[in-house]
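**Student:** Sharing a structure here in structure tokens format.
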2 protein chains.
Amino acid sequence: MKIYEFRAFPNPLRARMAAAEKGLIDQIEFVQIDLLAGEHKKPAFLAINAVGKVPVLVLDDGTTISECTAITEYFDHLDGEPILTGLTPKERAITHMMQRRAEALVLDAASDYFHHATPGLGPDIEPFQIHEWGDKQREQTTKGISYFNSVLQKQPYVAGNHFTMADITLFAGLALADFIKIEIPNECRHLKLWRDRVAERPSASA
Amino acid sequence: MKIYEFRAFPNPLRARMAAAEKGLIDQIEFVQIDLLAGEHKKPAFLAINAVGKVPVLVLDDGTTISECTAITEYFDHLDGEPILTGLTPKERAITHMMQRRAEALVLDAASDYFHHATPGLGPDIEPFQIHEWGDKQREQTTKGISYFNSVLQKQPYVAGNHFTMADITLFAGLALADFIKIEIPNECRHLKLWRDRVAERPSASA
């Protein structure tokens, strides 16, 4: 298998963590796509992923899979023990709900702020910015962080008692928030403790 | 099981179609939440779903599940035959990829246009609108529709040879596009033929 990625960025981190959690990291060849040079918007990469995003997983039969949830579903089902996405219908439902919330309320919101209200990847790659939208999404990110603090006050992981892909998504969202200087409010101590625990997992530095 | 919904709207349609495809519709009590009156932003409903959105599935043990992908994962795994979300790791990956694209490129984009650049649910419920963002997302919706036409030129369903949740999401996205008068370009005939076929499924009028 091959993954096209840009190592420092949050969505590639999600795919790496999922692969590492499943013991698959050594089976993957990682290929760097230079987002700062706009390589993801050029024809050679668009032929691999029409929507121009990393990470992209390419299977040995040539099938290309983008979107981190999809890549995680693939890795998680290879051994028939989907611990990252849920073993029962109810676990699956809760994990996908929290995973989508971690995207919408934190990671995607922070990403919108980065692309719309900061220089982002630079003027050549971000020709269309709406500052007001970016600023609004910065506010959303802070609200989202507080929401997840309240979740983690009640349970050890984002989707309940076990580490899942929802934890990976929130962890990547906070990495992006750090990078663009969106602070975790001081009162979010449950979230900070959870983050320390996740950072200790080998997958977090895979 | 109980579902809180607003019958005419696209995301509730997704949950209904998923339930109907799995033969579960008669086991569900549907409760209407009046979005036009802002009922989804009031404390009684926020106690059920903190993010203020429909549909919400409430299981018999009181567990609440929001986000359509999560609800679909639940229904789809109850009988151990997840035909809507994929039977193999590769099917699951492709289905989740196309499902996320149908959201991001069509349904969520059209929804942003509705909420930001039309009166949406009215001034009391939409206090913060960014017209420029809404207009940009209208353009995105049209581009997304063209992208899916190109997909459906090559294969009978959005994720390949079988009907899946990705078809449900795109079908709901087009229903919203109709409602807010975003036209399907005339040249998108593969998409139109696919849509006619999906509309004939009993689940589409469940």
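The values are calculated or read from the model by the stated rules, or taken from the named source; none is laboratory data. Everything numeric here is computed off the predicted structure, so don't read it as measured data. Quick reminder, even Gly has a Cβ in these numbers, built from the backbone with ideal geometry, and neighbours come from all protein chains shown. Accessible surface areas use protein heavy atoms only, side chains included; no ligands, DNA or RNA. Shrake-Rupley method; radii C 1.70, N 1.55, O 1.52, S 1.80 Å.
**Student:** Which distances, in nm and shortest first, link the B:Q155 label point to the same label point in every other copy, taking 7 Å along Cα→Cβ?
**Tutor:** Copy-to-copy label distances for B:Q155: 3.2 nm.
**Student:** At a Förster distance of 35 Å, what's the computed FRET efficiency of A:L121 paired with B:K181, Cβ-Cβ distance as r, to 0.05?
**Tutor:** Plugging the Cβ-Cβ distance into 1/(1 + (r/R0)^6) gives 0.55.
**Student:** Accessible area per residue for chain A in Å², computed with a 1.4 Å probe and the full protein assembly in place, what is it?
**Tutor:** Accessible area per residue: 43 Å².
**Student:** Whole percent per 5 Å bin, from 0 to the bin with the longest distance: what is P(r) over all C-alpha pairs of segment A:1-114?
**Tutor:** 2, 11, 20, 24, 20, 15, 7, 2, 0
**Student:** Ok, one more. Pop the C-beta distance of B:Q32 and B:D196 into the FRET formula with R0 = 22 Å and round what comes out to the nearest 0.05.
**Tutor:** Once the sixth-power term is evaluated, E becomes 0.15.
**Student:** Which loop-located chymotrypsin sites (Phe, Trp or Tyr not before Pro) does segment A:118-155 contain, where loop means any DSSP state but H, G, I, E or B and the Cβ has at most 10 other Cβ atoms within 10 Å?
**Tutor:** In loop regions of segment A:118-155 (DSSP not H, G, I, E or B), the sparsely surrounded chymotrypsin sites (Phe, Trp or Tyr not before Pro) are A:F128.
**Student:** Can I ask one more? Quick check: pseudo-label points 7 Å beyond the Cα along Cα→Cβ at A:K42 and A:A206, how many nm apart are they?
**Tutor:** Between A:K42 and A:A206, the label points sit 2.9 nm apart.
**Student:** Quick one: check the C-alpha center-to-center distance for segment B:124-176 versus segment A:149-193, whole angstrom.
**Tutor:** So the two Cα centres are separated by 30 Å.
**Student:** Then there is this: Can you give the net charge of the other residues whose Cβ lies under 14 Å from the Cβ of A:I65, counting K and R as +1 and D and E as -1?
**Tutor:** Combined, the nearby Lys, Arg, Asp and Glu give 0.
**Student:** Please report the antiparallel percentage of DSSP beta bridges with both residues in chain B, rounded to the nearest 5.
**Tutor:** 65
**Student:** Could you work out how far the C-alpha centroid of segment B:11-63 sits from that of segment A:34-86, in angstrom?
**Tutor:** Here the two parts' Cα centres lie 32 Å apart.
**Student:** Right, next: Pop out the ³J(HN,Hα) list for segment A:173-182 in order, Karplus 6.51 cos²θ - 1.76 cosθ + 1.60 with θ = phi - 60°, rounded to Hz; leave Gly and Pro as x.
**Tutor:** Those phi angles translate into x, 6, 4, 5, 4, 4, 4, 9, 6, 9 Hz.
**Student:** While we're here: Identify, for chain A, the residue whose C-beta comes nearest the rotation axis onto chain B, and round that distance to whole Å.
**Tutor:** A:W133, 2
**Student:** Here's another thing I want to ask about it. Express the Stokes-Einstein translational diffusion coefficient of segment B:117-204 in µm² s⁻¹, to the nearest whole number, given a Kirkwood radius over alpha-carbon pairs, 20 °C and a viscosity of 1.002 mPa s.
**Tutor:** It comes out at roughly 151 µm²/s.
**Student:** What is the interface area between chains A and B, defined as buried accessible area summed over both chains with a 1.4 Å probe, reported in Å² to the nearest 100?
**Tutor:** 3000
**Student:** A follow-up question, please. Report the residue, chosen from B:P55, B:P12, B:P89, that carries the largest GNM mean-square fluctuation when chain B is represented by alpha-carbon nodes joined by springs under 10 Å.
**Tutor:** Of the options given, B:P89 has the highest mean-square fluctuation.
**Student:** Okay, moving on. Relative to the isolated chain, which residues of segment A:79-96 have their accessible area cut by 30 Å² or more in the presence of all protein chains (1.4 Å probe, heavy atoms, no ligands or nucleic acids)?
**Tutor:** Hits at the 30 Å² cut-off: A:P89, A:K90, A:R92, A:A93, A:H96.
**Student:** Let me ask something else. Among A:F179, A:I3, A:A44, flag the residue with its Cα farthest along the positive direction of the charge dipole of chain A, charges on Cβ as +1 for Lys/Arg and -1 for Asp/Glu.
**Tutor:** The listed residue farthest towards the positive side: A:F179.
**Student:** Same structure, new question: Would you mind telling me the share, in percent, of accessible area of the protein assembly as shown contributed by carbon and sulfur at probe 1.4 angstrom?
**Tutor:** Reported share for carbon and sulfur atoms: 52 percent.
**Student:** Run through the other copies and list how far each one's label point is from that of B:G23, in nm with one decimal, shortest first; the point sits 7 Å from Cα along Cα-Cβ.
**Tutor:** 3.7
**Student:** While we're looking at this one, here's another question. Beyond 29 Å, how much of the Cα-Cα pair distribution for chain A remains, as a whole percent?
**Tutor:** When all Cα pairs of chain A are counted, 24 percent exceed 29 Å.
**Student:** Mind checking which of B:D26, B:D61, B:D76 has the largest fluctuation in a GNM of chain B, springs on alpha carbons under 10 Å?
**Tutor:** B:D61
**Student:** Using each residue's phi in segment B:50-55, evaluate 6.51 cos²θ - 1.76 cosθ + 1.60 at θ = phi - 60° and report the 3J(HN,Hα) Karplus result to the nearest Hz, with x for Gly and Pro.
**Tutor:** Here the 3J(HN,Hα) series is 4, 8, x, 10, 10, x Hz.
**Student:** Once you wrap a convex hull around the alpha carbon atoms of the protein assembly as shown, what is its projected area averaged over all directions, in nm²?
**Tutor:** One quarter of the hull surface, i.e. the mean projection, equals 18.7 nm².
**Student:** Report the GluC sites (Glu not before Pro) located in segment B:97-206 that are in a DSSP loop and have at most 12 other Cβ atoms inside 10 Å of their Cβ, or state none.
**Tutor:** When the GluC sites (Glu not before Pro) of segment B:97-206 are filtered for loop state and at most 12 Cβ neighbours within 10 Å, B:E183, B:E187, B:E200 remain.
**Student:** Output the pairs from A:K136/B:K136; B:K2/B:K53; A:K143/B:K136; A:K41/B:K136 with a Cα-Cα distance over 22 Å in this structure; if there are none, say none.
**Tutor:** In this structure, A:K143/B:K136 lie more than 22 Å apart at Cα.
**Student:** How many nm is it between the label spots at B:T63 and A:Q155, if each spot is 7 Å from the Cα in line with the beta carbon?
**Tutor:** Distance between the two pseudo-spin positions: 0.8 nm.
**Student:** Using a label point 7 Å beyond Cα on the Cα-Cβ vector, give me the inter-copy distances for A:D34 in nanometres, one decimal, shortest first.
**Tutor:** 6.0
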